[in-house]
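Some notes on the structure that comes next.
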Amino acid sequence: MTVETTTMALMRRYLADVAPWLQAETVSDTVSMSAEIGLDSLTMTSFAVALEKGLGKAVGIDLWMVDTAPDEQDTLANLAAWLDGQ
């Protein structure tokens, strides 16, 4: 299993925990988490905290969101790649 695949599995698990109304396993890796799925800042913060605990490191998702959300590039695939590059 690659790091990105492991990261993606963790992200889907934590997404399901913080956004139970979503069927996280069916969310496309390429949809915008803010614009298309509609995750708000509180949900994204909860998601980031869960990721930090699961990965055992600071995630800094706020910086990633500032860079990606305005262009609707805040996708699971982009986040996995960004985390892999940290």
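The values are calculated or read from the model by the stated rules, or taken from the named source; none is laboratory data. Just so it is clear, the model here is predicted, and its values are computed rather than measured. Quick reminder, even Gly has a Cβ in these numbers, built from the backbone with ideal geometry, and neighbours come from all protein chains shown.
Being touching a Leu at 6+ places or on another chain (Cβ under 7 Å) and of a type in the set (Asp, Glu): is that true of residue 29 here?
On the way: touching a Leu at 6+ places or on another chain (Cβ under 7 Å): yes; of a type in the set (Asp, Glu): yes.
When the stated conditions are applied, residue 29 passes them.
Which of the residues belonging to the stretch 39-59 are loosely packed, with under 14 Cβ neighbours inside 10 Å, small (Gly, Ala, Ser) and either closer than 22 Å to residue 6 by Cα or at pLDDT 90 or above (or both)?
56, 58
I need a count of the residues in the stretch 68-80 that are part of a helix (DSSP H, G or I), in contact with an Asp or Glu (Cβ under 8 Å, 6 or more places away or on another chain) and in contact (Cβ under 8 Å) with a residue 24 or more places away in the chain. Outline the logic, then answer.
Start the filter on the stretch 68-80 by keeping residues that are part of a helix (DSSP H, G or I), which leaves 68-71, 76-80.
If we keep only those that are in contact with an Asp or Glu (Cβ under 8 Å, 6 or more places away or on another chain) as well, we get 68, 76-77, 80.
The next check asks that each one be in contact (Cβ under 8 Å) with a residue 24 or more places away in the chain; those that pass are 76-77, 80.
Total satisfying the criteria: 3.
Please specify each residue of the stretch 4-36 satisfying the condition of being under 15 Å from residue 52 (Cβ atoms), in contact with a Phe, Trp or Tyr (Cβ under 9 Å, 6 or more places away or on another chain) and buried (at least 17 other Cβ atoms within 10 Å of the Cβ). Before the answer, list the steps.
Taking the stretch 4-36 first, the residues under 15 Å from residue 52 (Cβ atoms) are 7, 10-11, 13-15, 17-18.
When the remaining residues are screened for being in contact with a Phe, Trp or Tyr (Cβ under 9 Å, 6 or more places away or on another chain), the result is 11, 14-15, 17-18.
Within the stretch 4-36, 11, 14, 15, 18 qualify.
Just need a number here: residues in the stretch 17-67 that are farther than 16 Å from residue 86 by Cα and either assigned to a loop (DSSP other than H, G, I, E, B) or not hydrophobic (A, V, I, L, M, F, W, C) (or both).
Start the filter on the stretch 17-67 by keeping residues that are farther than 16 Å from residue 86 by Cα, which leaves 17-47, 49-50, 66.
Still in the list and also either assigned to a loop (DSSP other than H, G, I, E, B) or not hydrophobic (A, V, I, L, M, F, W, C) (or both): 17, 19-23, 25-41, 43, 45-46.
Total meeting the criteria: 26.
Identify all residues within the stretch 2-22 that are out of contact with any helix residue (DSSP H, G or I) (no Cβ under 8 Å at 6 or more places or on another chain) and more than 21 Å from residue 73 (Cβ to Cβ); write none if there are none. So that I can check it myself, show each step before the final result.
Looking only at the stretch 2-22, we keep the residues that are out of contact with any helix residue (DSSP H, G or I) (no Cβ under 8 Å at 6 or more places or on another chain), and these are 2, 5-6, 9, 20-21.
Answer for the stretch 2-22, where residues must be out of contact with any helix residue (DSSP H, G or I) (no Cβ under 8 Å at 6 or more places or on another chain) and more than 21 Å from residue 73 (Cβ to Cβ): 2, 6, 9, 20, 21.
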